[in-house]
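The values are calculated or read from the model by the stated rules, or taken from the named source; none is laboratory data. Quick caveat, the model's predicted, so the values are computed rather than measured. Cβ placement follows ideal geometry from the backbone for every residue including glycine, while neighbour counts extend to all protein chains displayed.
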Amino acid sequence: MASIALKSFIGLRQNTAEKPHLMTAQTKPSSLNPRKLRVVASKSSPRLTNRNLRVAVIGGGPAGGAAAETLAKGGVETYLIERKLDNAKPCGGAIPLCMVGEFDLPLDIIDRRVTRMKMISPSNVAVDIGQTLKPHEYIGMVRREVLDAYLRDRAQASGAEIINGLFLKMDMPRDGESPYVLHYTGYGGKAGAVGEKRTLEVDAVIGADGANSRVAKAIGAGDYDYAIAFQERIKIPDDKMAYYQNLAEMYVGDDVSPDFYGWVFPKCDHVAVGTGTVTHKGDIKKFQLATRNRAKDKILGGQIIRVEAHPIPEHPRPRRLSGRVALVGDAAGYVTKCSGEGIYFAAKSGRMCAEAVVEGSENGKRMVNEGDLRKYLEKWDKTYWPTYKVLDVLQKVFYRSNPAREAFVEMCADEYVQKMTFDSYLYKTVVPGNPWEDLKLAVNTIGSLVRANALRREMDKLSV
Amino acid sequence: MPISMALFSPPTHPPSLSPSISPKTHLTVKPHLSLRQPKTPFFLLSTTRASADNGAGTSASAATALEPEAGQKVAEPPQPVVEKDASSAGANGSAGAAEAVEVKVVSKFEDPRWVEGTWDLKQFEKDGKPDWDAVIDAEAKRRKWLEGKPESSSNDDPIVFDTSIIPWWAWTKRFHLPEAELLNGRAAMIGFFMAYLVDSLTGVGLVDQMGNFFCKTLLFVAVVGVLVIRKNEDIENLKKLLEETTFYDKQWQATWQDETPGGSKNQ
């Protein structure tokens, strides 16, 4: 069926008549002999005549916007399909400093610069971190609708075509040269709110459609464990808002979340109070109440203006790539453990994947194949694997139990820890650090954990 | 904390409560101290008003406050008070979503030796030196209390206690030494028994056993075993721990499992 549909479509394009011809002539050599010194599979892919490579990016969030921009700048015919152009995605909204530089973000899309954080332990020991930050360093808080729109507009300005539509499914190609046929419901124009079914033929697809990715389903990428993050936007009185001027809070404890943390993040003119969990999703409202209780004094007199929840992937999907379809961002599952950070990694993975496509297709002149997209996965895993692993270890060690969390907060009081944490977070590299200080840190960590666990044993003996 | 800031009889309209009533129909945030009603957080339509009772007079600093109407802000100083939270996502703030108010009294953690967010070591003195065991006990009690009744963290009253003020030898004496004694005892018993057994079976005496590589290995295994397996559950725990350390890596490698021998990346 797909082939029949394709045949009729091909008739509309006069250039594709030559393509099969090229293909048969060159499929043999392409698998045997690369033409250039660098052994790169795609370099021997057939050149596309009279057209550029067509790539569709499904999903217009940070990952999609970044991918579309890079593709368009690289000379690829880019389509960005987004179902809701004014979507205000529920999100923590924190971006690291390096994202501002790497993605040339204008400073006015950053609502707040968080330069201090408070970590609060189960027994309410509060530790201020952020003294080690330099004056120009901060964590940016953004509104997703603003950030996403900015990146999409920039992609559009670079030549990508933005389609307001909801991706439904796609037909797989029969061979390495046939296009993917995307089925989507197009909105806007005469289609109106109901939308009309349309199709689009592209050579490659980048799935940037988030945690419930349909592209992932279409390629059988598999499932991942996910956390539910529940958040309430609360407008608090000005004097209380002043406290959160550039401060974000993190609450840890079994009451707040058994495997994550509760937070109070300042937004443009209100705060977002939320929590999350992987293992006890049914109790999320209870955890939210506990979070609000822990921050009670500081948000007293506030009004809830919005309640939202969203899933957060815990680890990458079993398959992030299939044929000429690659997943990026939340769709791939690139959210770190421990902090649950996803915006930067989404945008960066979108960009990296697009770069791989641009390179593999030599700026849109050649067809790409799976090998080119694999390069993006290789580069991604190599660059960010240490970051993910370290955060995973931190989560496993410090979010295990209340004593571990107490130790965690105690450790955060240490200046070296603060410096390492912020350096890693803001610049997204695992900084090696001073070995002597690392040793002291290791000893102190063990000490904290031992003390906290010893106290826990005492607590168990008490029958309060 | 002032005690009787807000005592009201049930169905009242306390515009005096909130200095600035918001005209919006949003529902207010009412922090919920008790976790005893997990099932009915948001969609309460009952109008059961508990009377302003002072509840169990467990502590002197308890107070109650009521807010009968939705859409009003409570602007009073922080009280160790529990009110039922009736905020409902997007519900109309008018009578349709009146909150049920249930008043419970929960007291804060109080202890004469807990001063300004930390333990006052002077009050723990015994023979002129702080009694670290008592400090440890006190902190354990405090944490236990808070685990059952989580308190709100306050800026005016920050908690700055750090367990590292208790010197390492106090921890060692209290926690490590008894366990060390236990483990050494176990190791000694196993050692004696195994040495006897090997001697009776092979005739090799203790000193000669120590020279043998195989025996040294067995000794090592015995010591490690005693250290690592202290309770029956530890065997299972260790297996799970081992699996846990590599689980995340496996999740990341999954995408490379089905991959052509082009470029596998092993990290």
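Within segment A:434-448, is there a residue that is surrounded by 14 or more Cβ atoms within 10 Å (Cβ to Cβ), away from chain B (no Cβ under 14 Å), among the small types (Gly, Ala, Ser) and over 19 Å from A:Asp128 (Cβ atoms)? Talk me through it step by step, then tell me what you get.
Step one: filter segment A:434-448 for residues surrounded by 14 or more Cβ atoms within 10 Å (Cβ to Cβ), giving A:437, A:441, A:444-445, A:447-448.
Next, only the ones that are away from chain B (no Cβ under 14 Å) stay: A:437.
Checking which are among the small types (Gly, Ala, Ser) leaves us with none.
No: segment A:434-448 contains no residue that is surrounded by 14 or more Cβ atoms within 10 Å (Cβ to Cβ), away from chain B (no Cβ under 14 Å), among the small types (Gly, Ala, Ser) and over 19 Å from A:Asp128 (Cβ atoms).
Return the only residue of A:Gly276, A:Gly302 being buried (at least 23 other Cβ atoms within 10 Å of the Cβ) and within 17 Å of the chain's Cα centre (by Cα). Give the steps one after another, and end with the answer.
On the way: A:Gly302 fails: within 17 Å of the chain's Cα centre (by Cα).
That would be A:Gly276, the only listed residue that is buried (at least 23 other Cβ atoms within 10 Å of the Cβ) and within 17 Å of the chain's Cα centre (by Cα).
Taking segment A:49-81, which residues are under 16 Å from the mean Cα position of the chain (by Cα) and closer than 14 Å to A:Leu151 by Cα? If you could, list the steps in order and put the result at the bottom.
The first filter runs over segment A:49-81 and keeps only residues under 16 Å from the mean Cα position of the chain (by Cα), leaving A:57-68.
If the condition is that a residue be under 16 Å from the mean Cα position of the chain (by Cα) and closer than 14 Å to A:Leu151 by Cα, then A:Val57, A:Gly59, A:Gly60, A:Gly61, A:Pro62, A:Ala63, A:Gly64, A:Gly65, A:Ala66, A:Ala67, A:Ala68 are the ones that fit.
Taking the stated definitions as given, is A:Gly433 more than 30 Å from A:Asn52 (Cβ to Cβ), in a helix (DSSP H, G or I) and small (Gly, Ala, Ser)?
Numbers: more than 30 Å from A:Asn52 (Cβ to Cβ): yes; in a helix (DSSP H, G or I): no; small (Gly, Ala, Ser): yes.
So A:Gly433 does not fit the description; no.
Residues that are touching a strand residue (DSSP E or B) at 6+ places or on another chain (Cβ under 9 Å), more than 30 Å from B:Val226 (Cα to Cα), in a helix (DSSP H, G or I) and within 10 Å of chain A (Cβ to nearest Cβ): does segment B:114-125 have at least one?
Within segment B:114-125, not a single residue is touching a strand residue (DSSP E or B) at 6+ places or on another chain (Cβ under 9 Å), more than 30 Å from B:Val226 (Cα to Cα), in a helix (DSSP H, G or I) and within 10 Å of chain A (Cβ to nearest Cβ).
Show the residue pairs that are 6+ apart or on different chains and have beta-carbon atoms under 8 Å apart, the first residue being within segment A:146-169 and in contact (Cβ under 8 Å) with a residue 12 or more places away in the chain and more than 21 Å from A:Tyr184 (Cα to Cα), the second being surrounded by fewer than 19 Cβ atoms within 10 Å (Cβ to Cβ) and β-branched (Val, Ile, Thr).
A:Val146/A:Ile109; A:Leu147/A:Ile109; A:Tyr150/A:Ile109
Which of the residues that make up segment A:401-429 are aromatic (Phe, Trp, Tyr) and within 14 Å of chain B (Cβ to nearest Cβ)?
The initial filter retains those residues of segment A:401-429 that are aromatic (Phe, Trp, Tyr), namely A:408, A:416, A:422, A:425, A:427.
If the condition is that a residue be aromatic (Phe, Trp, Tyr) and within 14 Å of chain B (Cβ to nearest Cβ), then A:Phe408 is the only one that fits.
So, in segment A:127-161, exactly how many residues are part of a strand (DSSP E or B), over 21 Å from the mean Cα position of the chain (by Cα) and surrounded by 19 or more Cβ atoms within 10 Å (Cβ to Cβ)?
The qualifying residues number 2.
Scanning for something surrounded by fewer than 24 Cβ atoms within 10 Å (Cβ to Cβ), closer than 30 Å to A:Phe230 by Cβ and modelled with pLDDT of 90 or more, does segment A:319-335 turn up at least one residue?
Scanning segment A:319-335 turns up at least one residue that is surrounded by fewer than 24 Cβ atoms within 10 Å (Cβ to Cβ), closer than 30 Å to A:Phe230 by Cβ and modelled with pLDDT of 90 or more.
For segment A:99-115, what are the residues that are out of contact with any Asp or Glu (no Cβ under 8 Å at 6 or more places or on another chain) and either polar (S, T, N, Q) or in a loop (DSSP other than H, G, I, E, B) (or both)?
As a first pass, look at segment A:99-115 and keep what is out of contact with any Asp or Glu (no Cβ under 8 Å at 6 or more places or on another chain): A:99-114.
Correct list: A:Phe103, A:Asp104, A:Leu105, A:Pro106.
Please verify whether A:Asp209 is of a type in the set (D, E, K, R), assigned to a loop (DSSP other than H, G, I, E, B), under 30 Å from A:Val358 (Cβ atoms) and in contact (Cβ under 8 Å) with a residue 60 or more places away in the chain, treating the condition exactly as stated.
Values: of a type in the set (D, E, K, R): yes; assigned to a loop (DSSP other than H, G, I, E, B): yes; under 30 Å from A:Val358 (Cβ atoms): yes; in contact (Cβ under 8 Å) with a residue 60 or more places away in the chain: yes.
Yes, satisfied.
Working only within segment A:424-455, note down all residues that are among the aliphatic types (A, V, I, L, M) and closer than 23 Å to A:Tyr388 by Cβ.
Here is the first cut: in segment A:424-455, the ones among the aliphatic types (A, V, I, L, M) are A:426, A:430-431, A:439, A:441-443, A:446, A:449-450, A:452, A:454-455.
Matches in segment A:424-455: A:Leu426, A:Val430, A:Val431, A:Leu441, A:Ala442, A:Leu449.
Scanning for something free of Cβ contacts under 8 Å to residues at least 40 places away in the same chain, of a type in the set (A, V, I, L, M, F, W, C), more than 17 Å from A:Asp460 (Cα to Cα) and assigned to a helix (DSSP H, G or I), does segment B:154-168 turn up at least one residue?
Looking for residues that are free of Cβ contacts under 8 Å to residues at least 40 places away in the same chain, of a type in the set (A, V, I, L, M, F, W, C), more than 17 Å from A:Asp460 (Cα to Cα) and assigned to a helix (DSSP H, G or I), one finds at least one in segment B:154-168, hence yes.
Quick one: in segment B:133-157, which of the residues that are among the hydrophobic types (A, V, I, L, M, F, W, C) and more than 7 Å from every other protein chain (Cβ to nearest Cβ) is farthest from the chain's Cα centre (by Cα)?
Residue satisfying both the conditions and the ranking: B:Ala134.
Name the single residue, out of those in segment B:159-209 being acidic (Asp, Glu) and under 26 Å from B:Asp133 (Cβ atoms), that is surrounded by the most Cβ atoms within 10 Å (Cβ to Cβ). Give the steps one after another, and end with the answer.
To start, the set of residues in segment B:159-209 that are acidic (Asp, Glu) comprises B:162, B:179, B:181, B:199, B:208.
Still in the running and under 26 Å from B:Asp133 (Cβ atoms): B:162, B:179, B:181.
Details: B:Asp162: 15, B:Glu179: 11, B:Glu181: 10.
Selected residue: B:Asp162.
Name, by its number, the condition in (1) crowded, with 17+ Cβ neighbours inside 10 Å; (2) away from chain B (no Cβ under 14 Å); (3) part of a loop (DSSP other than H, G, I, E, B) that does not hold for A:Ser123.
The single condition A:Ser123 does not satisfy is (2).
With the checklist (1) within 13 Å of another protein chain (Cβ to nearest Cβ); (2) within 26 Å of A:Tyr334 (Cα to Cα); (3) of a type in the set (Ser, Thr, Tyr) in hand, flag the one item A:Thr279 doesn't pass.
A:Thr279 satisfies every listed condition except (1).
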